[in-house]
Amino acid sequence: VDTLIAWHATASATDIALPSYDMERLLEEVDRFADWFAPVIQPGLPESFGTSHKALWREALAGPASRRDALVLRDYHVDNLLLLEDRSGPARCGLLDFQDGLIGARAYDLVSLTQDARRELSPDLEERCLDRYLAAAPDSDAFLTDYWRLGAQRHAKIAGNFQRLSRRDGKHQYLALLPRVLRLLDRALTRAGLDEIQDLYDTELPGWATWTPD
């Protein structure tokens, strides 16, 4: 968390020649939920589901999609962080897997860290990490809104990704992680106040939040 604080305080997004993490990219990612995960829950879904899904997410992501706050590494979680004993302060945290970085909202990498698809964090630890970041960051209200909405977007994307890895690539081991991802998605939708998306899922994909692989 301290490394993110330091990075966001010193790295100017306007000085980095990278594409934006804009609405088109965010929607392309969240479409994977509709294209790959939803048909497993409810085969034969009408085309209107995808249309409604995209429209609701477009509205939900309007704020985060407009941000140009920071270089978003996009895979900021413990598997990509190294403890460098010969350094001090935030520089002790070495960073891997940033080749897909884009310019976007500061909240994305924090939620990647605190709502990890592969590891369970206690709610207390997540809250302490979030409080630590917010103590050093301005615009806390906007940041919190982005945090929960981007968390929901990320979990929906990952649910689609894991199903795609299983069905297309034969990598079925990722299915074991899906119950946690869906639990995180359900919580993030609630915390973000995205009731219409939650209602769409509950109506068209009954049992989605408690789905478990065979």
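The values are calculated or read from the model by the stated rules, or taken from the named source; none is laboratory data. Keep in mind it's a predicted model, so treat the numbers as computed, not measured. For neighbour counting, all protein chains shown are included, and Cβ atoms are generated from backbone atoms with ideal geometry for every residue, glycine included. Heavy atoms of the whole protein, side chains included, go into the accessibility calculation; ligands, DNA and RNA do not. Shrake-Rupley method; radii C 1.70, N 1.55, O 1.52, S 1.80 Å.
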Over the range 140-214, average the accessible area per residue using a 1.4 Å probe and give it in Å², no decimals. 46 Å²
Computed from the mean reciprocal separation of all distinct C-alpha pairs, what Kirkwood hydrodynamic radius does the range 40-81 have, in Å? 13.6 Å
How far apart, in nm, are the 7 Å Cα→Cβ label points at Ala135 and Gln42? 4.5 nm
Roll a 1.4 Å probe over the protein chains and send me the accessible area per residue for the range 44-96 in Å². 55 Å²
Among [x] 33.5, 151; [y] 18.1, 62; [z] 17.3, 57, which is the computed Rg and Dmax of the Cα atoms in Å? [z]
Let me check against my output: what whole-number percent is the relative contact order of the range 1-146, with C-alpha pairs under 8 Å and at least 6 apart? 30 percent
Through the Karplus equation 6.51 cos²θ - 1.76 cosθ + 1.60, θ set to phi - 60°, convert the phi angles of the range 182-188 into ³J(HN,Hα) values in whole Hz; use x for Gly and Pro. 5, 5, 5, 4, 4, 5, 5
On the protein heavy atoms, probe 1.4 angstrom, tell me the percent of accessible surface of the chain carried by carbon and sulfur. 49 percent
Calculated [θ] (222 nm, deg cm²/dmol) that DSSP helices of n ≥ 4 give over the chain, each run adding -39,500 (n - 2.57): -17000 deg cm²/dmol
Counting only Cα atoms, I'd like the Rg/Rh figure for the range 27-118, Kirkwood definition for Rh. 1.10
Per-selection Rg to Rh, the range 69-158 - Cα, Kirkwood hydrodynamic radius: 0.95
Pop the C-beta distance of Asp199 and Ser122 into the FRET formula with R0 = 30 Å and round what comes out to the nearest 0.05. 0.55
In whole Å, largest first, the alpha carbons of the range 80-121 cover along the principal axes 29, 28, 17
Could you tell me which residue out of His8, Gly63, Leu27 lies farthest along the dipole of the range 1-90 toward its positive end? Charges go on the beta carbon: Lys and Arg +1, Asp and Glu -1, centred on the Cα centre. Gly63
Kirkwood Rh in Å, taken over all unlike Cα pairs in the range 165-214: 11.9 Å
